1. Can you send over the carbon and sulfur percentage of the accessible area for the chain, probe radius 1.4 Å, protein chains only?
2. Just order 421-433, 370-382, 22-34 by mean Cβ neighbour count inside 10 Å, highest at the front, would you?
3. Between Asp204 and Val492, what FRET efficiency comes out of the Förster formula 1/(1 + (r/R0)^6) with R0 = 56 Å and r the beta carbon distance, rounded to 0.05?
4. How far, in degrees from 0 to 90, does helix 26-37 lean away from the longest principal axis of the Cα atoms of the chain, to the nearest 10?
5. Across 5 Å bins from the origin, how do the percents of Cα pairs in the range 103-160 run, short distances first?
6. So how tilted is helix 542-553 from the main axis of the chain? Cα-based, degrees 0 to 90, rounded to 10.
7. How high is the FRET efficiency between Arg170 and Tyr283 when r is their beta carbon distance and R₀ equals 45 Å, given to the nearest 0.05?
8. Quick check on the range 451-497: what are the equivalent-ellipsoid semi-axes from the Cα gyration tensor, as sqrt(5λ), descending, whole Å?
Amino acid sequence: MTAEPVPATTAAVPGRVDVLVVGCGPVGLVAAGLLGAEGVTTLVVERNPATSDEAKAISIDDESLRTLQRAGLASVVYPILQPGTGTRYHGADGSVLVHSRGRQPYRLGHPFKSSFAQPDLERVLLSAVTGSESVRVALSTELVGLSPGATAGPDGGHVECTLRSGDGSRTSVRASYVLGCDGGRSTVRKLAGIEMDGRAFAEDWLVADTVGDPHRERYGLHHGDPARPHVIIPGRDGRCRYEFKLSASECRPGAPPLEDLAVGLIGRYRSIAREDIERCTAYRFNALIARRWRRGRVLLAGDAAHMMPPFAGQGLNSGIRDVDNLCWKLAAVVQGRASPGLLDTYEQERRPHARAMIRLSVRLGRVVMTSNRAVAGLRDRAVRGARRVAPARRWLEEMRFKPAAVHRRGFVAAADGCPDRAVSAAVGRMLPQPRVLDAQGRLTLLDDVLGPGFALLAVDCPDDAWTAADLSGLAGLDCRWVDVTLDDTMAVDAPAGPGSPRRAGVADADGCLQQVMAPLRGRMLLVRPDRYVAAGAHPDRLGPVLAVLGRDLLLPEAVRPARQAAGAASGSRLDLPRPPMTTGAP
């Protein structure tokens, strides 16, 4: 059963914070976890007196779980998940068309797709982030005003935020930045004067969450029956979500109550009474995107920045990608390691992928959930024909139709035109996370060795590569140095030496590291905190590439010389060892 929502326990509101996060849903709480892990003083405000008791989002993917791993939150989330195996699509006659599982279920170190109940997710995330010394959460507290200069420019280095508590009293908080994670009706977006473009769909869907359900599948079931398109998503402990497309007559005034309609529709699959339905509502879906995601010191993430139909299961996951991309940049800016110009790369990198996910979600709704019998028949014949051709079958079964995020602009060294094809293929993409062996022979996930910040990987490079490479462009970055060993040889931790930093070593555990890294043998890769590859080159060619990124990082000139001097004196900005992160992964 879903836990009761967490009641109001409004924290004392501080007078100044680095970041004010508006919205205590999953995206806002993950943002708080990421910022708190960086030591960024963060205040989360939520207008409601408790966490939500509505099960809105229901699936989380491997990219999002990897983000939670980095924030130290995966271990608290895994107990409320049902680790899944993708989605099974059924045709008009009820037969299975294809089961899409992803390329490798644990390519990023976590299950490809898992189900959960949103009230449970919010409960465990709230409990975890309130344990951080850097994070405060104020429920029954609403943002009602921003200083006029907040969206126009630096405004003296802060934003004056007016908050109203449940008793009507008002307080003022001075924040360096405001992050709107407050949903589709975002107050932050309205106060910033940002409009959205796109369309709303005039189709009504009934959504019912039930208990005591007999479904035990670990995958979602999408039924493309044109007479009644519907979705079934089993969860933990007998929970199950049912979604049914409704006709216009079923939503008119005087139509039967939704609960009675749900009992009749779900009764096709199980014996059910009204008391087995926890929640039942009708939804219309949107495909919208904000015209801009940043105005001055105000930024948007999640549904405040974009909304999409649910058919690709990417609404929540897109929001978590947003804050994964943004929060390490916010931390660098508020801690004086980068100028505010770095924040412009947030929308540059995230908008194209959010648009692609919106298009995919709309397309799946039109094709998979069509009510047109002719379209449904054509769809079923096309899928069955494609499954007879190996490349097309892989495209469907491995869900290659799901667009991957590839950063061609932003905080990346441009890969276009790079003569090194292996580097060009890696830069701007997320680095996979295979299981690896550390120098002590312990089995772990790659990110636990890379640490929470930047990492520079030398892929099967000789020891003198570290002295041959010009690493001055990394001065000031908190960067971990890692030797990646291939070909079934042991990993070794290397102590610091003259002109060479201390380094951690990893080796292949099950063939996956070898598969990922073999094409990059002899190169060095700079990996960002969000695990995207920012740059790569052979050691003797790395210096100019890092210099470009260092320029784009725009370290304030007053800070840069001191940091460079400190880096030259120590040979590294990293003090190993750091405590390992707890993943909670099975």
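The values are calculated or read from the model by the stated rules, or taken from the named source; none is laboratory data. Just so it is clear, the model here is predicted, and its values are computed rather than measured. Virtual Cβ from ideal backbone geometry, glycine too; neighbours counted across all protein chains shown. Areas reflect the complete protein model, heavy atoms only, side chains present, ligands, DNA and RNA absent. Shrake-Rupley method; radii C 1.70, N 1.55, O 1.52, S 1.80 Å.
1. Taking all protein chains in place, the chain shows 52 percent carbon and sulfur surface.
2. 22-34, 421-433, 370-382
3. Efficiency computed from Cβ-Cβ geometry: 0.35.
4. For helix 26-37, the angle is close to 20 degrees.
5. 4, 12, 11, 12, 14, 15, 11, 10, 10, 2
6. 60 degrees
7. Efficiency, rounded to the nearest 0.05: 0.85.
8. 20, 13, 9
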